[in-house]
Structures are given as structure tokens and as C-alpha cells.
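Student: Below is a structure I'd like to ask you about.
The values are calculated or read from the model by the stated rules, or taken from the named source; none is laboratory data. This structure is a prediction, so every number in the text was calculated from the model and none was measured. Quick reminder, even Gly has a Cβ in these numbers, built from the backbone with ideal geometry, and neighbours come from all protein chains shown.
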Amino acid sequence: MRRAARVVGMLGAIIASMAFVVPDAGTSIVVGNQRVIAVLISFGPRPFARASVTAAMAEANTFVTRSSFGRVSLQTTTTPWIDGGAVSPSCAASSERIFAPLRAVAAGAGYQTSPYDRVFYIVAGPDCGFHGIEFGNEVFIVREPDARLIIHELGHTFGLPHAGASAVCGTWCVTQEQGDLYSPMGIGFTDFSAYEKEQLGWIPRQPRVARTGNYLVYPSNLRSIGRQALVIEAPEGEYWLEQRPGRAAPGMIVRLVNPETTSRSFIAPSTLLLAPIKTGHPVITPGQTFRVPGEFSVKVARATKTPMRLNVSLSATLR
Ligand SMILES: [Zn+2]
């Protein structure tokens with residue numbers, strides 16, 4: 001069980017974070033049917049309908065089922081609104097003090113949460129200044145959840161950290177912690193990254209480049225799950241090259257992962273390069289070449305259709 005709590009803001013603001021208690025580093029395989037219950041608890045207002053939560057959960061299931069190639073599905077239950085009483089939970093309390101009274105409210109209304117793999121408490125009333133907190137397999141959400149927020153919080157319960165982005169990478173990256181344009185663990189809602197999918201066990205280990213040559217990378221919506229990314233291992237980390245998701249025309253995006261930054265609760269975060277060649281252009285288009293001086297270069301072959309063909313040239317130090 002993961003013992004970390006995260007506070008989530010849609011703009012990536014981390015307002016608070018809580019204690020790490022139990023070491024639980026390592027793999028983050030998540031496959032199979034996940035039983036998820038959304039418990040609606042009101043401390044006064046009921047600002048949105050149960051049906052809209054049910055619909056958002058269904059959309060989240062569609063997203064996860066597609067992204068995982070059917071390896072994960074969500075079996076979702078949404079309770080009716082339950083009256084939480086007069087005293088709403090303190091947003092500043094410890095995780096245990098937030099979740100214990102919510103569990104009691106659910107149980108008092110006849111909803112046992114223990115059989116569920118993930119529990120979302122969707123709470124109306126408290127004004128917290130953030131959207132949600134994840135702690136182990138429990139999530140506390142204080143606004144109307146859309147599918148993107150559900151997927152994002154679910155990702156945390158799967159062991160995924162925020163997907164970052166950086167415009168500048170020198171000796172180290174200056175990172176926007178939640179800046180990834182494509183991953184739902186960043187600000188995107190297109191698809192989980194190949195790196196995230198490999199860690200979750202949704203696709204097999206992707207090819208690591210050991211020699212100079214031509215390589216094919218398939219779009220993430222095809223079932224060619226063995227070649228959805230190309231990984232170049234360099235001293236500063238792993239470069240994950242993949243097809244920009246959601247588009248048919250070839251275009252390469254690059255993320256950098258330093259495996260040594262795995263935490264007790266989450267896999268190592270990835271950083272999308274926002275300016276791999278020039279400012280304002282995160283996508284490397286056919287004919288362009290991405291270079292890491294002294295290490296490697298990758299040219300995207302001129303073509304109008306995927307799969308993307310990459311010509312990789314490794315320096316002597318990486319061979
Ligand atoms: Zn988050």
C-alpha cells in the first residue's frame with residue numbers, strides 16, 4: 001500500500017504534501033478489473049448530479065480500457081448523495097483525519113468500501129483550495145469530477161507521479177512538475193505515455209537502442225504494442241521517443257526519465273521536452289533531427305504516414 005498523499009491543482013500547483021511512511025518502491029503493475037466506488041458525500045450543498053459523476057466514471061473506464069489495450073477495466077459504482085452531517089472535514093488535516101470520517105459516513109449509509117480496489121470520496125461543502133488528494137487507494141475530491149480528474153487521481157493510485165515538462169535541459173532540467181502536454185498525469189488527456197504504460201504492465205518492455213540504425217515506432221492507438229517507443233539509455237537518464245498521440249501524421253515527442261528518481265510511493269517521473277529543437281515546438285516533424293551533443297542524434301524520416309521511421313546515430317560512448 002502506498003502511503004503518500006498528494007494535493008492536486010489543475011495548474012500543477014502543489015499546495016501541500018504529506019508524510020511518506022512506508023517504503024514501497026519498485027514496480028507498479030496494474031492489470032485486471034478494478035472495482036471503483038465513488039461515494040458522494042454532502043456537507044450541505046449538492047452542486048452536481050449523481051448522473052454526471054456516473055457518466056464521468058464511464059468515460060474514465062473507456063479511456064483506461066483503450067489506453068491499456070483492455071488490460072485494465074473499471075467496474076464502477078456511484079452512490080447517491082449521502083448526508084455527511086454538520087462538520088465537514090478539514091482540508092489541512094492529516095490524511096487519516098480526512099479519510100476516517102468519510103469512511104464512517106459511507107459505512108453509516110450502508111456502503112462498505114473495503115471490497116473495492118479504489119475508493120473516490122467526492123465531497124461537496126469544504127472549500128479546500130485544491131481539487132483532490134490521493135492517499136494509497138483512496139481519493140478525496142472536492143469539486144465536480146470530470147473524466148480527466150478521475151483518470152489523473154486513478155493514475156496516482158496506480159503509482160504514477162506527475163508527468164513534468166521542461167523547456168530547458170542542461171546539466172539538469174528546469175521542470176514544470178505537471179506540465180506534460182499529453183499525459184493525464186500532466187495537463188493532457190490524450191493517452192498515458194509509453195513509459196507509463198510499460199511501468200504499469202500494459203505494454204511489454206520497449207526496445208532499448210544498442211546500435212546505430214533505422215527503427216520503427218508505431219502510434220499508441222495501434223495494437224503494435226511491442227514498438228510504441230524507442231528508448232535510448234544515456235548517462236543523464238532514458239530518452240523515451242514516441243509518436244505524438246492522437247495524430248496520424250508522424251511527429252516525435254521526447255521524454256527524459258531518470259530511473260534513480262523513483263520515490264517510495266511513485267515510479268520515477270518523466271519530463272517532456274518542450275523545446276527539443278527549438279522553442280515553442282515540442283514535436284519533431286519529418287525531416288528534422290533531434291540531437292543530444294556527444295551522445296546521439298535521431299532523424300525523423302520524411303514520410304506522411306505512421307509508423308514513424310527513426311534514423312538513430314549513437315556516439316561511441318553510448319554504443
Ligand atoms: Zn496529481
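Student: Report those strands (runs of 3 or more DSSP E) wholly inside region 222-308 carrying at least 3 residues which are assigned by TED's automatic domain parsing to the domain that holds GLN206 and closer than 27 Å to GLN178 by Cβ.
Tutor: 229-234, 237-243, 252-257, 270-273
Student: Among (1) loosely packed, with under 15 Cβ neighbours inside 10 Å; (2) closer than 30 Å to HIS156 by Cβ; (3) over 20 Å from the mean Cα position of the chain (by Cα); (4) of a type outside the set (A, V, I, L, M), which single condition is GLY251 missing?
Tutor: Going through the list (1) loosely packed, with under 15 Cβ neighbours inside 10 Å; (2) closer than 30 Å to HIS156 by Cβ; (3) over 20 Å from the mean Cα position of the chain (by Cα); (4) of a type outside the set (A, V, I, L, M), GLY251 breaks only (1).
Student: Right, next: If only one of ILE133, ILE141, ILE203 is in contact with a helix residue (DSSP H, G or I) (Cβ under 8 Å, 6 or more places away or on another chain), hydrophobic (A, V, I, L, M, F, W, C), without any contact (Cβ under 8 Å) to a residue 24 or more places away in the chain and surrounded by 19 or more Cβ atoms within 10 Å (Cβ to Cβ), which one is it?
Tutor: Checking each option against the conditions leaves just ILE141.
Student: Residues of region 85-107 being over 14 Å from SER42 (Cα atoms), in a helix (DSSP H, G or I) and either more than 26 Å from the chain's Cα centre (by Cα) or among the polar types (S, T, N, Q) (or both), which ones?
Tutor: SER95, ARG97, ALA100, ALA107
Student: Related question: Has region 49-57 got any residue that is at pLDDT 50 or above and assigned to a loop (DSSP other than H, G, I, E, B)?
Tutor: yes
Student: Here's another thing I want to ask about it. Being at pLDDT below 95 and more than 22 Å from PHE69 (Cα to Cα) is the filter here, so list the residues in region 238-268 that pass it.
Tutor: Matches in region 238-268: ASN258, PRO259, GLU260, THR261, THR262, SER263, ARG264, SER265, PHE266.
Student: Now a separate question. Residue by residue through region 211-248, note down the ones that are within 23 Å of HIS281 (Cα to Cα) and among the basic types (Lys, Arg).
Tutor: Of everything in region 211-248, those that are within 23 Å of HIS281 (Cα to Cα) and among the basic types (Lys, Arg) turn out to be ARG244, ARG247.
Student: Then there's this: Could you grab me the full set of residues in region 63-84 that are crowded, with 17+ Cβ neighbours inside 10 Å, part of a loop (DSSP other than H, G, I, E, B) and in contact (Cβ under 8 Å) with a residue 60 or more places away in the chain?
Tutor: Once the filter is applied, which keeps residues that are crowded, with 17+ Cβ neighbours inside 10 Å, part of a loop (DSSP other than H, G, I, E, B) and in contact (Cβ under 8 Å) with a residue 60 or more places away in the chain, region 63-84 yields SER68, ARG71.
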